[in-house]
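Peer 1: Pasting a structure here, questions to come.
The values are calculated or read from the model by the stated rules, or taken from the named source; none is laboratory data. Keep in mind the model is a prediction, meaning the values are calculated, not measured. Cβ: placed from backbone, ideal geometry, glycine included. Neighbour counts: every protein chain shown. What goes into the accessible areas is simple: the full protein's heavy atoms, side chains included, and nothing from ligands, DNA or RNA. Shrake-Rupley method; radii C 1.70, N 1.55, O 1.52, S 1.80 Å.
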Amino acid sequence: MFSDRFNYARAELAQFAGPNNKIVVFNAQAVDQISEILDMDITVVQGFAPSVNMLKAAGINVVQDVSGKFDCAIVLLPKSKPQARDLIAQAVACVENGAIIVDGQKNDGIDSVLKELKKNVDLGVVISKAHGKCASFSSAHDLAHWRAKPIELSDGFQTYVGVFSADEADPASVLLAQHVKGHLKGRVADFGAGWGYLTRAILANENVTDVYAVEADYTSVQACQMNCVDDRLKFYWDDVTTWKSPKLLDFVVMNPPFHTLGAADPKLGVAFIKAAARNLAPSGQLIMVANRHLPYETTLQDTFQTVNELDGTNKFKVFMAARPRKIRR
Ligand SMILES: C[S@@+](CC[C@H](N)C(=O)[O-])C[C@H]1O[C@@H](n2cnc3c(N)ncnc32)[C@H](O)[C@@H]1O
């Protein structure tokens with residue numbers, strides 16, 4: 001990770017990112033990634049609520065939209081290449097006369113990003129260490145053409161690079177939406193609402209009185225706000241696993257995430273199911289879709305009195321789970 005490479009190449013990198021520099025770091029998700037520069041003047045740009053909470057708890061200044069000018073920008077590469085280009089372009093735009101450091105793991109595609117960068121900028125020495133690479137270039141280059149534009153989808157939906165399923169509706173959510181339209185009423189939450197594909201399907205039910213769209217990713221929340229405009233709808237930029245509904249819910253709808261910080265993690269889906277059970281009224285129902293290989297049945301049986309598989313394909317399964325077992329909210 002970046003802290004290993006910074007430590008290894010401190011002499012080269014400290015001329016750009018040192019104690020006298022104002023530094024902005026894009027996409028730090030966890031404190032240990034940047035442990036070597038914590039004593040410097042850093043601002044982290046991060047929009048994923050659980051990461052924001054962790055970084056803030058460590059005393060780090062965290063923002064979602066960067067403003068002002070910095071002496072150095074460090075971009076920790078995300079997995080999505082269009083998002084990587086967008087972050088690098090943002091980094092160049094906020095450094096007046098300094099350096100941009102681009103750092104990433106091999107399995108996040110650092111080699112191909114550095115190869116593409118080389119065609120656009122004079123890249124300094126490339127440091128290879130700890131299954132990744134790190135390189136720097138001067139902010140005098142113009143990379144404005146790497147800034148991403150909103151992505152236009154059918155039905156008037158707009159998304160942005162880096163959000164879940166940015167280029168088309170997720171097929172699992174398309175399957176789930178068929179079980180959402182016409183069936184819901186009362187107070188409904190969309191857990192992990194993303195850019196709002198399911199939120200809109202929930203709102204299509206005229207007997208629904210309130211919809212809470214809960215989503216951890218800041219850019220997704222902004223997209224969801226653009227895609228779903230309705231007086232019944234409230235947005236929560238928050239971590240579902242700790243979120244508390246203002247009032248008990250009649251329905252929870254979800255296509256839960258199964259990755260934490262880029263790594264497969266079915267425990268997150270389990271935490272989403274428990275959060276649904278905690279926030280539902282005694283007669284409430286959870287309607288969810290999951291990849292067929294993910295093992296959610298035991299948790300569903302443990303947290304709900306009735307569990308049925310409503311539908312499925314060879315890839316996905318749709319569950320309806322009703323009447324949460326008594327657990328403390
Ligand atoms: C599988 S996607 C589904 C998105 C959307 N409902 C759809 O159908 O397109 C899961 C969503 O959960 C969000 N997410 C991940 N961890 C979360 C958490 N702890 N709390 C809230 N949302 C989270 C992700 O950002 C992503 O948008």
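Peer 1: Which order do the peptides 197-203, 25-31 take when ranked by the mean count of other beta-carbon atoms within 10 Å per residue, highest first?
Peer 2: Sorting 197-203, 25-31 by mean packing, highest first, produces 197-203, 25-31.
Peer 1: Diagonalise the Cα gyration tensor of segment 274-316 and give the resulting equivalent ellipsoid semi-axes, square root of 5 times each eigenvalue, largest first, whole Å.
Peer 2: Ellipsoid semi-axes (Å, largest first): 20, 11, 9.
Peer 1: Any of Lys79/Lys133; Lys181/Lys244; Lys79/Lys315 with alpha carbons more than 18 Å apart? Name them for me.
Peer 2: Check vs 18 Å cut-off fails for Lys181/Lys244; Lys79/Lys315.
Peer 1: So, one more: Taking only DSSP H segments of four or more residues, each worth -39500 (n - 2.57), what value at 222 nm results for the chain once the sum is divided by all its residues, to the nearest 500 deg cm²/dmol?
Peer 2: Estimated from H runs of four or more residues: -7500 deg cm²/dmol.
Peer 1: Right, next: What number comes out for the charge environment of Asp86, summing +1 per Lys or Arg and -1 per Asp or Glu over other residues with Cβ under 10 Å away?
Peer 2: Computed value for this residue: +4.
Peer 1: Could you tell me which of rounded, prolate or oblate describes segment 253-297, using a ≥ b ≥ c as the square roots of the eigenvalues of the alpha-carbon gyration tensor, with rounded for a/c under 1.5 and, failing that, prolate when a/b is larger than b/c and oblate otherwise?
Peer 2: Here segment 253-297 falls in the prolate category.
Peer 1: Tell me which of Val318, Thr219, Gln46 sits at the most positive position along the dipole axis of the chain, charges placed on C-beta atoms (Lys, Arg +1; Asp, Glu -1).
Peer 2: Of the candidates, Val318 comes out farthest on the positive side.
Peer 1: Can you compute the modelled spin-label distance between Lys22 and Asp142, with each label point 7 Å from Cα toward Cβ, in nm?
Peer 2: Output for this residue pair reads 2.5 nm.
Peer 1: While we're looking at this one, here's another question. Classify segment 61-138: rounded, prolate or oblate, from the alpha-carbon gyration tensor (a ≥ b ≥ c, eigenvalue square roots; a/c under 1.5 rounded; otherwise prolate if a/b is larger than b/c)?
Peer 2: Because a/c hits 1.5 or more and a/b exceeds b/c, segment 61-138 counts as prolate.
Peer 1: Per residue, how much accessible area does segment 151-324 show when a 1.4 Å probe rolls over the protein heavy atoms, in square angstrom?
Peer 2: 44
Peer 1: What does the charge dipole of segment 151-324 about its Cα centre add up to, to the nearest 20 debye, if the Cβ of each Lys and Arg holds +1 and the Cβ of each Asp and Glu holds -1?
Peer 2: 600
Peer 1: Then there is this: First check a/c for segment 244-329, with a ≥ b ≥ c the square roots of the eigenvalues of its C-alpha gyration tensor; if it is under 1.5, answer rounded, and if not, answer prolate when a/b is larger than b/c or oblate otherwise.
Peer 2: Here segment 244-329 falls in the oblate category.
Peer 1: Just the number, please: percent antiparallel of the DSSP beta bridges in segment 2-146, rounded to the nearest 5.
Peer 2: Antiparallel: roughly 35 percent of the beta bridges in segment 2-146.
Peer 1: Rounded to two decimals, what ratio of Rg to Rh does segment 144-283 give with C-alpha atoms and a Kirkwood Rh?
Peer 2: Checking Rg against Rh, the ratio lands at 0.96.
Peer 1: Given the whole protein assembly as supplied and a 1.4 Å probe, what does the accessible area of Lys56 come to in Å², nearest 10?
Peer 2: 110
Peer 1: By accessible area of protein heavy atoms, probe 1.4 Å, what ranking do Glu116, Glu12 get, highest first?
Peer 2: If we order Glu116, Glu12 from most to least accessible, we get Glu12, Glu116.
Peer 1: Near Glu215, within a Cβ-to-Cβ distance under 11 Å, what is the net charge of the other residues, with Lys and Arg +1 and Asp and Glu -1?
Peer 2: For residues surrounding Glu215, the net value is -4.
Peer 1: Determine the gain in length on full extension of the stretch Glu116-Asp302; use 0.36 nm per residue of separation and subtract their C-alpha separation, reporting nm with one decimal.
Peer 2: Fully extending the segment from Glu116 to Asp302 adds 62.0 nm.
Peer 1: Can you give me the relative contact order of the chain as a percent, contacts being Cα pairs under 8 Å and 6 or more apart?
Peer 2: Dividing the mean separation by the residue count of the chain yields 12 percent.
Peer 1: Suppose every K and R has +1 on its Cβ and every D and E has -1 on its Cβ; what is the size of the dipole of the chain about the Cα centre, in Debye to the nearest 20?
Peer 2: Once rounded to the nearest 20, the dipole reads 860 debye.
Peer 1: Continuing with this model, one more query. Diagonalise the Cα gyration tensor of segment 67-209 and give the resulting equivalent ellipsoid semi-axes, square root of 5 times each eigenvalue, largest first, whole Å.
Peer 2: Semi-axes, largest first: 40, 16, 13 Å.
Peer 1: Can you give the accessible area of Ser154 in Å² (nearest 10), computed on protein heavy atoms with a 1.4 Å probe?
Peer 2: Accessible area of Ser154: about 90 Å².
Peer 1: Can I ask one more? Report the residues of segment 272-296 in range of a label on Thr209: point 7 Å along Cα→C-beta, backbone N strictly under 13 Å from it.
Peer 2: No residues fall inside that zone.
Peer 1: For the chain, give me the percentage of DSSP beta bridges that are antiparallel, rounded to the nearest 5 percent.
Peer 2: So the antiparallel bridges in the chain amount to around 45 percent.
Peer 1: Once both labels are modelled 7 Å past Cα along the beta-carbon direction, what's the Lys267-His131 spacing in nm?
Peer 2: 1.8
Peer 1: Hey, what's the per residue convex hull volume over the C-alpha atoms of the chain, in cubic angstrom?
Peer 2: 140
Peer 1: Carbon and sulfur together cover what percent of the accessible area of the chain at a 1.4 Å probe radius?
Peer 2: Reported share for carbon and sulfur atoms: 49 percent.
Peer 1: A further question on this structure: Compute from the Cα atoms of segment 1-130 the Rg and the Dmax, the latter being the longest Cα-Cα distance, and quote both in angstrom.
Peer 2: 13.5, 40
Peer 1: Let me ask another. With unit charges on the beta carbons (Lys and Arg positive, Asp and Glu negative) and the dipole taken about the Cα centre of segment 2-146, which residue among Asn120, Gly109, Gln33 sits farthest to the positive side?
Peer 2: Gly109
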